[in-house]
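K.L.:
Can you read through this structure? Questions will come right after.
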Amino acid sequence: MEAKAYNTLIIDDHPLIIEAFRNALLHLANAIEELEFSITEATTCDAAQNLMERYNPHKTLDLVFLDIKLPPSPTLGMLSGEDLGLEIREKHPQAKIVVATTFNDNYRIQNIFKNINPEGFVIKSDIATETLVPALIEVLQDPPYYSKTVLQAIRKYISHDYLLDKWDRHLLYELSQGTKMKDLPTLMPFSLGALEKRKRQLKIVFGVEDGEDRELLQQARQHGFI
């Protein structure tokens, strides 16, 4: 592996996860003498933003561990770590991003892929010492690396022939979260009538004949859309 000192930022509000990533990096640096990691940590979007401002073309941000489920930051207009990831992609395009999250539903995973396209993607329940170090080597040498749960979601998502657009998926996701149809026009750019029509079409697509939303959501879940 080429000698490299990586400026690394760990962004997570769980001390045990920060410790797991730090220990894996230190283990990797001890095992491969060509590697060195300069590590900083942040537990909020605001703290991460302040640290990111220290990096520039002469001192690049090389590696980021990003927790998606960070508390919102009203001052920065960020709702989660996903918004922070978008800013990292824009301002530090050379940085390798490893997303770590507790979210394991297919809708959120697909959104993270589309918006951030991380070099590494792990579900926190998949994190283990024996797998984290090889995962980091893969991220640094030959990305991407996806953990087991992420790979299962990808395979499930691409193993069908259904053609649903992003609004169909958004509608299914909101219904799965318990959102009422009457409230959806405030969350999506459609009238209630148009959304009802979309739902009827989705039931035809998934072969749901009894008219129950529960069966629709069950079928959509089985096919990896939520």
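K.L.:
Roll a 1.4 Å probe over the protein heavy atoms and report the accessible area of residue 91 in Å², nearest 10.
P.N.:
About 120 Å², rounded to the nearest 10.
K.L.:
Can you give me the pair-distance distribution of the chain, C-alpha pairs, 5 Å bins, whole percents?
P.N.:
1, 6, 13, 16, 16, 13, 11, 9, 7, 4, 2, 1, 0
K.L.:
Still on this structure: Under the rule of at least 5 residues apart or a separate chain, name every residue whose amide H is placed under 5 Å from the amide H of residue 41.
P.N.:
Under 5 Å from the amide H of residue 41: 10.
K.L.:
Here is a follow-up. How much of the DSSP beta bridge set in the chain is antiparallel, as a percent to the nearest 5? Don't skip to the end; give the middle numbers.
P.N.:
Values: 2 of 25 bridges.
Rounded to the nearest five, the antiparallel share is 10 percent.
K.L.:
So what is the 222 nm mean residue ellipticity for the chain from helices alone, if each DSSP H run of at least 4 adds -39500 (n - 2.57) and you divide by all residues, rounding to the nearest 500 deg cm²/dmol? Don't skip to the end; give the middle numbers.
P.N.:
Details: 9 runs with 105 residues, N = 226.
After summing the helix terms and dividing by the residues of the chain, the value is -14500 deg cm²/dmol.
K.L.:
Can you list residues whose amide H is under 5 Å from residue 69's amide H, if they're 5+ apart or on another chain and H is modeled 1.01 Å from N?
P.N.:
81, 102
K.L.:
Here is a further query. For region 114-155, which semi-axes, largest first and in whole Å, follow from the square roots of 5 times the eigenvalues of its Cα gyration tensor?
P.N.:
Semi-axes (√(5λ), whole Å): 16, 14, 8.
K.L.:
As I understand it, the value is the acute angle between the Cα axis of helix 106-115 and the longest principal axis of the Cα atoms of the chain; what does it come to in degrees, rounded to 10?
P.N.:
60
K.L.:
When the accessible area of the chain is split by element with a 1.4 Å probe, what percent falls to carbon and sulfur? Walk me through the intermediate numbers first.
P.N.:
On the way: 5930 of 11950 Å².
Carbon with sulfur: 50 percent of the solvent-accessible area.
K.L.:
After finding the eigenvalues of the alpha carbon gyration tensor for region 1-65, what semi-axes result from the square roots of 5 times each, listed largest first in whole Å?
P.N.:
Values: eigenvalues 86, 58, 6 Å².
Those come to 21, 17, 6 Å.
K.L.:
For a quick protection proxy, order the peptides 84-90, 190-196 by their average other-Cβ count within 10 Å, most packed first.
P.N.:
Descending mean neighbour count gives 84-90, 190-196.
K.L.:
With only alpha-carbon pairs counted, each pair once and no self-pairs, how large is the Kirkwood hydrodynamic radius of region 102-226 in angstroms?
P.N.:
Evaluated on region 102-226, it is 16.1 Å.
K.L.:
With no solvent and one equal point scatterer placed on each C-alpha of region 43-176, evaluate the Debye formula and give log10 I(q)/I(0) for q = 0.17, 0.20, 0.21 Å⁻¹, two decimals.
P.N.:
-0.99, -1.27, -1.34
K.L.:
Turning to a different aspect of this structure: Rg and Dmax of region 1-113, using alpha carbons, in Å: what are they?
P.N.:
Calculated on Cα positions, Rg and Dmax stand at 14.2, 42 Å.
K.L.:
Oh, and also: Rounded to the nearest 5, what % of DSSP beta bridges with both residues in region 1-117 are antiparallel?
P.N.:
Roughly 10 percent of the DSSP beta bridges within region 1-117 come out antiparallel.
K.L.:
How large is the accessible surface per residue of the chain, computed with a 1.4 Å probe and reported in Å² as a whole number?
P.N.:
Here the per-residue accessible area is 53 Å².
The values are calculated or read from the model by the stated rules, or taken from the named source; none is laboratory data. None of these values were measured; they are calculated from a predicted model. Heads up, the Cβs are rebuilt from the backbone with ideal geometry, glycines too, and the neighbour counts pull from every protein chain shown. SASA here: full protein model, heavy atoms, side chains in, ligands and nucleic acids out. Shrake-Rupley method; radii C 1.70, N 1.55, O 1.52, S 1.80 Å.
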